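The values are calculated or read from the model by the stated rules, or taken from the named source; none is laboratory data. None of the values given here were measured: they were computed from a predicted structure. No Cβ is skipped: glycine too gets one built from the backbone with ideal geometry, and neighbour counts run over all protein chains shown. Heavy atoms of the whole protein, side chains included, go into the accessibility calculation; ligands, DNA and RNA do not. Shrake-Rupley method; radii C 1.70, N 1.55, O 1.52, S 1.80 Å.
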Amino acid sequence: MSKVQDDEVGDGTTSVTVLAAELLREAELLIAKKIHPQTIISGWRKATQVAREALKDAATDHSNDPDRFQEDLLNIARTTLSSKLLTHHKDHFAKLAVDAVMRLKGSGNLEAIHVIKKLGGSLTDSYLDEGFLLDKKIGVNQPKRLENVKILIANTGMDTDKIKIFGSRVRVDSTAKVAEIEQAEKQKMKEKVERILKHGINCFINRQLIYNYPEQLFAQAGVMAIEHADFTGVERLALVTGGEITSTFDHPEMVKLGHCKLIEEVMIGEDTLIHFSGVAMGEACTVILRGATQQILDEAERSLHDALCVLAQTVKEPRTVYGGGCSEMLMAKVVSDLAHRTPGKEAVAMESFAKALSMLPTIIADNAGYDSADLVAQLRAAHQENKITYGLDMSQGLIGDMVALGITESFQVKRQMLLSASEAAEMILRVDNIIKAAPRKRVPDHHPC
């Protein structure tokens with residue numbers, strides 16, 4: 001369920017699991033009172049529908065005002081990062097994430113944003129670089145800087161300067177004959193390099209290794225050769241430079257080359273990386289993460305990935321809602337109101353749904369170390385007085401106006417959380433019995449080794 005939420009919108013994985021668990025906890029109590037699961041599901045479905053409508057009505061859309069929309073995106077990024085490792089640097093990383101997503105110009109293609117992790121420095125040394133960075137080395141005696149570059153991206157073996165005759169035996173009567181075989185292999189490789197150079201390129205990037213002899217040939221031709229670029233790196237490079245990955249070189253006119261204005265080496269910390277600027281896909285950019293340990297870098301990457309996913313979704317679906325338990329309490333209120341107007345046992349199921357929703361702000365308050373019963377009671381009272389933008393201000397331990405505090409969340413994330421949790425809880429509730437295979441009996445081993 002969390003994985004579906006992550007794949008769909010990129011965030012809200014904890015919320016969806018907590019809400020589903022609370023719904024099942026409430027369902028268990030209702031079943032103990034002899035209320036049929038179908039009745040509970042029927043009530044939940046009506047509750048989900050009315051909660052969804054309330055969330056839709058409460059959502060705001062500032063996509064027509066670029067400045068306010070930019071502020072919404074920054075607030076969403078801060079809210080997303082506030083529950084993760086990057087919470088102490090959320091302003092820095094929120095701006096970084098928003099700048100990266102705004103470069104996509106609404107396409108939402110996160111493949112154009114490359115994240116590189118480099119040990120050293122602190123998290124605040126992380127920055128956004130316009131262009132594409134490849135964590136590889138340029139070949140020996142080859143140009144380190146090129147302008148107006150034509151790039152051939154390939155996935156081909158460049159190691160046939162070694163003798164490789166598999167599944168057969170070769171008998172020779174002198175070392176001269178071995179030298180002849182090696183010379184034939186070299187000639188074969190030279191012809192392959194000549195076919196590659198006929199494409200009119202000045203940069204060759206290969207997925208596989210480039211051995212010494214072909215590297216020497218490329219250096220003599222003044223071509224930059226980059227070897228062993230990992231598969232995701234090659235695919236992303238093909239995407240951002242507008243080229244295609246090729247394996248055969250007999251028809252240069254059919255090969256689509258990549259282009260960029262400048263390739264040069266840059267230093268990050270103690271490492272040298274290759275920087276591609278002025279690429280065909282103008283929105284391409286690279287986030288360089290710095291940190292003291294590999295664990296911090298890995299966690300920072302996961303946190304930033306969540307923020308980037310949510311922002312990309314918000315650019316596509318610009319509606320926003322307020323966080324801090326505000327949206328959950330708003331939905332709980334409308335579901336509770338519907339329960340009061342509904343006759344029969346379905347009303348009890350609706351009340352349980354409202355109670356499960358109101359548990360989310362309770363957990364937020366508990367996690368912050370405050371008196372959740374008091375704060376949630378205050379929040380419920382505020383929503384009854386039609387203060388529908390009020391939520392929990394956990395920095396002060398009070399309830400407050402989420403508009404003033406800038407605690408904003410994506411409408412898409414909240415909607416997906418509501419639908420996924422209710423559907424998962426319904427599915428589990430429909431299960432009558434679980435049949436398990438009996439464990440295999442252990443037979444004593446009478447023939448030990």
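So how much slack lies between K188 and N212, counting 0.36 nm per residue of separation and subtracting their Cα-Cα distance, in nm?
Details: separation 24, 0.36 × 24 = 8.64 nm, distance 1.45 nm.
Result for the pair: 7.2 nm of gain on full extension.
Got a number for carbon plus sulfur as a percent of segment 84-173's accessible area, 1.4 Å probe?
After summing per-atom areas, the C and S share lands at 49 percent.
Taking 0.36 nm per intervening residue step and subtracting the Cα-Cα distance, what contour gain separates H88 from D57 on full extension?
Here the answer is 7.8 nm.
Hey, if you put +1 on the Cβ of every Lys and Arg and -1 on every Asp and Glu Cβ in the chain, which of F93, S247, A354 ends up farthest toward the positive end of that dipole?
The residue sitting most towards the positive pole is S247.
Using r as the Cβ-Cβ distance of V4 and Q295, and R0 as 30 Å, what FRET efficiency do you calculate, to the nearest 0.05?
0.65
Using Cα atoms only, what is the angle between the long axis of helix 231-241 and the major principal axis of the chain, expressed in degrees (0 to 90) to the nearest 10?
Result, in degrees: 90.
The list (1) 25.5; (2) 26.2; (3) 27.1 gives values of Kirkwood radius over Cα pairs in Å, and only one came from this structure; which label was calculated from it?
Computed from the coordinates, Kirkwood radius over Cα pairs in Å corresponds to (2).
With a 1.4 Å probe and every protein chain left in place, work out the accessible area per residue of segment 1-111 in Å², rounded to a whole number.
On a per-residue basis, 52 Å².
Sticking with the crude label model, points 7 Å out along Cα→Cβ, report the distance from A176 to H340 in nm, one decimal please.
10.6
How large is the direction-averaged shadow of the alpha-carbon convex hull of segment 44-134, in nm²?
Working: hull surface 34.8 nm².
If you wrap the Cα atoms of segment 44-134 in a convex hull and average its projections, you get 8.7 nm².
Share of antiparallel DSSP beta bridges in the chain, in percent to the nearest 5?
On the way: 32 of 49 bridges.
Roughly 65 percent of the DSSP beta bridges within the chain come out antiparallel.
Over segment 244-370, with the other protein chains present, what is the accessible area per residue in square angstrom, probe 1.4 angstrom?
Working: 5310 Å² over 127 residues.
Here the residues of segment 244-370 average 42 Å² of exposed surface.
R0 = 41 Å: FRET efficiency of K95 with N148, Cβ-based, nearest 0.05?
That pair, K95 with N148, gives E of 0.80.
How do S83, S422 rank by accessible surface area computed with a 1.4 Å probe, from largest to smallest?
Heavy-atom accessible area, descending, gives S83, S422.
Taking all protein chains as present, what is the carbon and sulfur share of the accessible area of segment 191-345, in % to the nearest whole number, probe 1.4 Å?
49
Taking the dipole about the Cα centre of segment 75-204, with the C-beta of Lys and Arg at +1 and of Asp and Glu at -1, give me whichever of V149, V178, H199 is farthest to the positive side.
Farthest towards the positive end: V178.
Using only DSSP helix segments of four residues or longer, with each worth -39500 (n - 2.57), what per-residue ellipticity at 222 nm results for the chain after dividing by its residue count and rounding to 500?
Mean residue ellipticity, 222 nm, calculated: -16000 deg cm²/dmol.
With the crude spin-label approximation of a point 7 Å out along Cα→Cβ, what separation in nm comes out for I435 versus K198?
Going by the 7 Å Cα→Cβ label model, 6.6 nm.
Expected output is a single nm value to one decimal: the length gained when fully extending between K137 and R442, i.e. 0.36 nm times separation in residues minus the C-alpha distance. What is it?
Working it through step by step, the gained length comes to 104.2 nm.
With a point put 7 Å past each Cα toward its Cβ, work out how far A32 is from E423 in nm, to one decimal.
Label at A32, label at E423, 3.0 nm between them.
What is the calculated FRET efficiency for T39 to K316, with r their C-beta to C-beta distance and R₀ = 30 Å, to the nearest 0.05? Show your work: numbers first, answer last.
Values: r = 38 Å, r/R0 = 1.26.
The formula returns an efficiency of 0.20 here.
With charges only on Cβ, +1 for K and R and -1 for D and E, what is the dipole size of the chain about its Cα centre, in debye, rounded to 20?
Computed charge dipole of the chain: roughly 1340 debye.
Of the accessible area of segment 379-449, with the probe set at 1.4 angstrom, what percent is carbon plus sulfur?
That fraction is 54 percent.
For the chain, with the dipole built from +1 on Lys and Arg beta-carbon atoms and -1 on Asp and Glu ones, taken about the Cα centre, which of L133, I263, A27 lies farthest toward the positive end?
A27
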